[in-house]
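So the structure is just underneath, and the comments pick up after that.
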Amino acid sequence: MVFNNKRIIGLLICILVIFLGISVISFAKTTIEWGPIAPRITAQEYSLPQGAKEAIEESGAKKIVAYNWGGLEWDPATVKNGEIFTDLTGVDIEFVGLPDEQLYPKLQAIFLAKSPAVDIVPLDATLYVAFVKAGWLEPLDFLWTEEAWEQFSPGLRKSIEVDGRVYCVPQVSRILTALYYRPSILKAAGFDGPPKTWAEFDEMAKKLTVDKDGDGVIDQYGFAFSGGGIQDGAYTLMTNMYLLGEKIVQDDGSIVFNSPGAVKALDRLVKMRNEWKVVPQSVTSYQHGDTEDLFRGGKVAMIIEPTSFYADITDKEQSSIADDVGIAPQPVAVEGGPSTSNLEINMWGVSRFSKYKEAAYVWCDYYRSRQAAVNEIIMETNEPWNLSVLKDEEVINSLKTDYLNVVKESLKDTKTEIFADQGMAYNIVIREIQNALIGKKTAQEALDDAQAEIEKKLK
């Protein structure tokens with residue numbers, strides 16, 4: 001068989017040209033250089049990592065979509081950070097705000113359809129692990145070096161690592177355990193300051209519970225807590241458990257809600273309602289907004305609530321008791337015992353189905369930065385995970401010293417537990433907490449029943 005050498009050579013040249021063309025296109029794609037990370041995320045002003053803007057432009061991103069917990073009228077810091085992101089990248093960001101209870105079904109439908117309709121995914125403890133296990137989130141390990149972890153609150157890494165990998169960045173934290181009190185009420189009852197231990201707290205709550213007009217109806221309770229809601233009742237129990245050295249997620253990964261400390265914590269709450277009668281009977285259904293309203297109205301002398309309440313209750317334009325509010329760290333169970341604060345976390349993740357992952361990655365990188373977190377704490381009193389924020393001059397000059405001191409003290413020892421089917425577990429636990437509070441079951445029986453049901457559903 002005779003070969004035409006010219007035709008063969010021509011064919012080889014064509015193949016070579018095509019190969020080189022593909023190679024040139026491939027190598028032309030800009031790679032984002034994420035390191036060094038720590039200097040960028042702790043600087044007063046965030047700067048884009050090298051190659052980020054070029055990579056975003058090459059991706060064709062003009063707009064990305066971020067879902068959000070609730071309407072943007074409640075999140076001015078999120079809006080401002082969105083504007084900064086657009087200035088940095090040239091990419092608009094469209095926020096879609098939904099009520100909390102609608103987020104999961106809406107996002108689930110988008111992900112099951114493998115739709116690129118959302119780029120940035122809002123996450124909390126009830127969603128994060130479920131979304132990771134479903135394969136809906138992009139891994140973000142490349143954003144986390146050892147030096148990067150060192151810039152954040154202790155406990156963050158353990159909270160957001162899933163099987164050794166990371167699929168999110170922290171948006172904000174919320175300290176759930178600040179003690180609020182009315183200084184004038186405490187002083188009138190003969191107390192010089194807030195309680196520091198449970199023993200002091202319980203005695204003060206009894207003395208601060210009064211029937212002012214002698215009609216047999218309590219006009220002022222010493223305390224009120226949240227026993228209902230979607231998460232609130234579970235948070236109330238967990239907050240007290242942590243002060244007894246307990247935890248929900250065990251070293252072997254099992255979930256335990258009926259530990260001795262949990263039973264002791266719930267029994268104390270039951271005594272507050274049914275034996276000491278220092279809290280309203282309706283604590284069984286309260287959410288955090290309910291207890292805050294009672295405090296605002298002078299119906300209770302003390303509450304333990306998120307630090308985010310401080311800005312609202314001390315705003316003289318909105319609060320009639322702005323000049324009569326004290327804030328302090330939560331009382332410890334025993335002197336010298338754990339002071340662990342229950343820390344709630346909101347996170348951002350990137351959809352596995354996003355068409356514009358480069359822009360979404362930069363959003364995540366920016367939002368865990370000092371600049372973004374400064375906006376969050378100043379504009380919304382959402383606490384930072386990024387510890388450089390607490391040394392920021394604007395933060396120090398803008399916020400009240402009492403509030404900042406509580407934040408700094410609380411962030412020294414925190415716990416944030418995240419596990420699969422967390423929302424389901426909370427629903428069960430809250431129902432059984434309520435059964436104990438109304439006397440239908442003992443604290444032990446209620447938590448044993450909750451534990452059995454959780455284990456059955458987790459199988």
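The values are calculated or read from the model by the stated rules, or taken from the named source; none is laboratory data. A quick note: this is a predicted structure, and the numbers were derived from the prediction, not measured. Using ideal geometry, Cβ is built from the backbone for each residue, glycine included, and neighbour counts are taken over all protein chains shown.
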Margin query: Here is a check on your reading of the model: is Ile378 at pLDDT below 95, buried (at least 23 other Cβ atoms within 10 Å of the Cβ) and under 23 Å from Val406 (Cβ atoms)?
Written below: no
Margin query: Among the listed residues Thr209, Thr239, Thr284, identify the single one that is under 24 Å from Ala188 (Cα atoms), surrounded by 17 or more Cβ atoms within 10 Å (Cβ to Cβ) and among the polar types (S, T, N, Q).
Written below: Thr209
Next item on the list: Kindly indicate whether Leu88 is within 20 Å of the chain's Cα centre (by Cα) and aliphatic (A, V, I, L, M).
Entry: no
Note to self: Tell me yes or no: at least one residue of region 130-146 is under 19 Å from Asp413 (Cα atoms) and either acidic (Asp, Glu) or in contact with a Cys (Cβ under 6 Å, 6 or more places away or on another chain) (or both).
What the structure shows: no
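To keep it simple, each residue is scored yes or no on (1) in contact (Cβ under 8 Å) with a residue 60 or more places away in the chain; (2) aromatic (Phe, Trp, Tyr); (3) in a helix (DSSP H, G or I).
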| site | (1), (2), (3) |
| --- | --- |
| Ser159 | yes, no, yes |
| Gln171 | yes, no, no |
| Arg174 | yes, no, no |
| Met204 | yes, no, yes |
| Asp213 | no, no, no |
| Gly216 | no, no, no |
| Gly233 | yes, no, yes |
| Thr239 | yes, no, yes |
| Leu244 | yes, no, no |
Item checked: Looking only at region 288-315, and only at residues there that are closer than 18 Å to Gly222 by Cβ and free of Cβ contacts under 8 Å to residues at least 24 places away in the same chain, the one that is surrounded by the fewest Cβ atoms within 10 Å (Cβ to Cβ) -> Gly297
Notebook entry, point to check: What residue, of Gly190, Gly164, is free of Cβ contacts under 8 Å to residues at least 40 places away in the same chain and touching a Lys or Arg at 6+ places or on another chain (Cβ under 9 Å)?
Noted result: Gly190
Checklist line | Selection within region 153-165 - crowded, with 21+ Cβ neighbours inside 10 Å and either more than 16 Å from the chain's Cα centre (by Cα) or farther than 29 Å from Glu101 by Cβ (or both) | finding: none
Notebook entry, point to check: Pick from Asp323, Asp365: which is closer than 30 Å to Ala77 by Cβ and in contact (Cβ under 8 Å) with a residue 24 or more places away in the chain?
Noted result: Asp365
Checklist line | Condition met for Ala328 (farther than 14 Å from Ala224 by Cα, in a strand (DSSP E or B) and not assigned by TED's automatic domain parsing to the domain that holds Ile378) | finding: yes
